[in-house]
1. Would you mind classifying the stretch 166-216 by shape? Square roots of the alpha carbon gyration tensor eigenvalues, ordered a ≥ b ≥ c; an a/c under 1.5 is rounded, otherwise it is prolate if a/b is larger than b/c and oblate if not.
2. In the Gaussian network model of the chain, springs joining C-alpha atoms below 10 Å, which of 368, 379, 127 carries the largest mean-square fluctuation?
3. If all Cα-Cα distances of the stretch 1-101 are sorted into 5 Å bins from 0 onward, what percent lands in each bin, rounded to whole numbers?
4. If you look at just the Cα atoms of the stretch 361-437, how large are its Rg and its Dmax in Å?
5. Over all distinct Cα pairs, what is the inverse of the mean 1/r for the stretch 128-205, reported as the Kirkwood hydrodynamic radius in Å?
6. Please report, to one decimal in angstroms, the Kirkwood hydrodynamic radius of the chain built from all distinct Cα-Cα pairs.
7. Output needed for the stretch 207-278: three equivalent-ellipsoid semi-axes, defined as square roots of 5 times the C-alpha gyration tensor eigenvalues, in descending order, whole Å.
8. Please report, to one decimal in angstroms, the Kirkwood hydrodynamic radius of the stretch 273-335 built from all distinct Cα-Cα pairs.
Ligand code: 9WN
């Protein structure tokens, strides 16, 4: 039985309280303890939720996010607060040395391009003239960001952008990234350290596992590899050209699916603002939907990420393979293939949807971060895509089950797809924000 929206009123109120609790004055931390800074895609999801309860505060969330935009257009994945408790803080990144930022400290990499969606959705809650003004305010920042993505991360003009660190994907230890990272030559030294067990020495220095059980987080060996990668990026002063020439990169499926949708939303924002988009951006972005098709595996019959250097598809099914449904504009055949994956009880049809890796994967652990648990932001993206593809009853079912999961377990970072138990940090802001949006829209 689907519950009616009215039944969820209390849950929406509790969710609004979570956002208040995590509000640090103009921006919202993802969660107490583990995440004391402002994250890029978190703040976008948070603004979407806030737009229903306090549109001015939602706008503020996005304005504070723009403090971090680099002169070259990049939106960094974290804007640091003064809090020193995070495991990879500003002194580790040393991004200030690039002279790209002023006034704030940030990392030197980005995160999924949810900004256009956030601006579009917040605008929907404003009256017409306010919306026009708000769209005009944000249009230049989104354009600059998308131009940066194509100029710096699409060197061969493919319509797909390449990511240089798993943290850019937002799905840190997801199997496609783990596989690609460990098979790259830069991991040689770390591979030996792992075989010798030397990496375990770092275990007691880990800050993140002080607030969340180690079994629910990235493994120590993977984490050390991420740090090593940051050191390399830092050595090249986060210069995408140099990094892509010699280093490690992936055409990440989920990121590019989100970008394809973001371009369409940017066009809608520009139309409503009465503005036009630069020809360079239109030219680059016009290829992205079609380019997603180059990530389709004929052998596997699903989409996959592609290794930037070897050009091989990374043969690891994960929830990213469902995200082209969010990009939209798929053929009916592709939509049916994605729906089939979602309905397959060996793969993604879990009791508590949607597992981040298939239930039958050798990686699957119900509480381990991006290697099993269900995440509310991913559910939200897939539900939105299904609805636009006309798959309304499946979208409704997933939405109700997601709300039920949060209602029972609480506002956790992620949830066991097997028994719905909450894990990771709590109370987690995007879980709360997107619960509000699912209830109110
Ligand atoms: C690294 C804040 C972020 C999310 C990511 C999630 C996790 C960070 C970490 O937390 O990543 O960026 O320290 O593990 O994977 O999606 O934005 O909530």
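1. It is oblate, given that a/c is not under 1.5 and a/b is not larger than b/c.
2. 127
3. Whole-percent P(r) values from 0 Å outward: 2, 11, 21, 20, 17, 12, 7, 4, 3, 2, 1, 0.
4. 12.3, 34
5. Numbers: mean 1/r = 0.0611 Å⁻¹.
Hydrodynamic radius (Kirkwood, Cα only) of the stretch 128-205 equals 16.4 Å.
6. Details: mean 1/r = 0.0458 Å⁻¹.
For the chain, inverting the mean 1/r across all distinct Cα pairs yields 21.8 Å.
7. Working through the eigenvalues yields semi-axes of 35, 20, 11 Å.
8. It works out to 13.5 Å.
Taken together, the values in this text are just the output of simple stated rules run on the coordinates, not laboratory data. This is a predicted model, so every value here is computed, not measured. We place every Cβ from the backbone using ideal geometry, glycine too, and count neighbours over all the protein chains shown.
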